[in-house]
Amino acid sequence: MATLRIGLLGTGPWARSVHAPALAAHPGVELTGIWGRRPEAAAALAQVHGSRPYDTPDELFAACDAVAVALPPSVQAPLAVRAAGAGCHLLLDKPVATSVPEARALAAAAERAQIASVVFFTARFGEQEGEWIAAQAAVGGWFTAHADWLGSVFAEDSASPYAHSPWRREKGGLWDVGPHALSVLLAVLGDVEAVTATRGPADTVLLAMRHSSGAASTATVALTAPAAAAGVEITLRGTAGTTCLPRRLHGPEAAYHRAVDALLAAAGTGLPNACDLHFGLRVTEILAAAEATLPPLVRSGP
């Protein structure tokens, strides 16, 4: 299809470091404009990337074919519903929402509008990781899997730009990095038929799942791991032996470029991407089911 006019919603660290530069550099899109909850930040970011700020989201929707969202999930979901209603294709961040009703309303809005959607799960769009995931799904015969997705955003020695993120502080690793782990496990082992969860130290959550393939998997997710212990590892075990998710060779910008490619393809062909809103909704449903099995979190300190 012709060049896609994309607007960006959001001006935070993720928008500044990944979304805006990748959209501005992509040859298949035009970064039409930027809206943010802080108008001065939207103006500054737009100036850096040769775009323009918009005063309201709806004015931006009217000028675009698609929107990319870099906002907290509770803000993303209702704005994406409005964007879909305006006929804009959607490039969303994970999780698409942190409540099942919001995620279902968003998926329904996209269905009604017949627009394309892609949810940016970084591992699914990384070149090495994506090839590995596709290869392992094709092999099959997996008996069990374990994922560690451990960030140090809220560790005592953290210098993360997301350390002041209110939604991450509230929802923890289950909702921030849990979607990444699920995006890989579901692609290889199939849908989750049953899930339980328990708490570890700080925001750490341990998941135990049974998949439609018959395989069992576990996952440990957190944003409070010590920096020396942070990292990502996923191991599969089955009839083909043992294999591990390859380490990312490039930053998230390359994966985001591929996510934009995926949106262009879905919008141009009408064929849904594997990481569309229906998949994003399913991830939210599984996370919500896991959260429902957790005991209340006892917080210490302010």
>> With the structure loaded, tell me whether Leu207 is of a type outside the set (Gly, Ala, Ser), surrounded by 24 or more Cβ atoms within 10 Å (Cβ to Cβ) and not in a helix (DSSP H, G or I) or whether it fails that test.
In response: yes
>> Name the single residue that is modelled with the lowest pLDDT among those in the stretch 1-20 being more than 12 Å from Leu60 (Cα to Cα) and over 18 Å from the mean Cα position of the chain (by Cα).
In response: Met1
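Kindly indicate whether Val29 is touching a Lys or Arg at 6+ places or on another chain (Cβ under 9 Å) and open to solvent by 10 Å² or more (accessible area, probe 1.4 Å).
On the way: touching a Lys or Arg at 6+ places or on another chain (Cβ under 9 Å): yes; open to solvent by 10 Å² or more (accessible area, probe 1.4 Å): yes.
Yes: the conditions hold for Val29.
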> Which pairs do you get when a residue that is free of Cβ contacts under 8 Å to residues at least 60 places away in the same chain and buried (at least 24 other Cβ atoms within 10 Å of the Cβ), found in the stretch 170-188, comes within reach of a residue that is part of a helix (DSSP H, G or I) and among the β-branched types (Val, Ile, Thr), reach meaning Cβ atoms under 9 angstrom, with the pair 6+ apart or on two chains?
Replying inline: Val188/Ile133; Val188/Val139
>> I'd like to check something: does the stretch 45-52 contain any residue that is open to solvent by 50 Å² or more (accessible area, probe 1.4 Å) and assigned to a helix (DSSP H, G or I)?
In response: yes
>> Test of understanding: among Leu185, Leu281, Leu287, Leu264, which residue is in a helix (DSSP H, G or I), assigned by the TED database to the domain that holds Ala155, at pLDDT 95 or above and under 19 Å from Val119 (Cβ atoms)?
In response: Leu185
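Only one residue in Arg104, Arg16, Arg37 is touching a residue at least 40 places away in the same chain (Cβ under 8 Å) and open to solvent by 60 Å² or more (accessible area, probe 1.4 Å). Which one? Outline the logic, then answer.
Details: Arg16 fails: touching a residue at least 40 places away in the same chain (Cβ under 8 Å); Arg37 fails: touching a residue at least 40 places away in the same chain (Cβ under 8 Å).
Within the list Arg104, Arg16, Arg37, the selection yields Arg104.
The values are calculated or read from the model by the stated rules, or taken from the named source; none is laboratory data. Computed from a predicted model, the values in this text were never measured in an experiment. For neighbour counting, all protein chains shown are included, and Cβ atoms are generated from backbone atoms with ideal geometry for every residue, glycine included. Remember, those area values only see protein heavy atoms, side chains included, never the ligands or the DNA or RNA. Shrake-Rupley method; radii C 1.70, N 1.55, O 1.52, S 1.80 Å.
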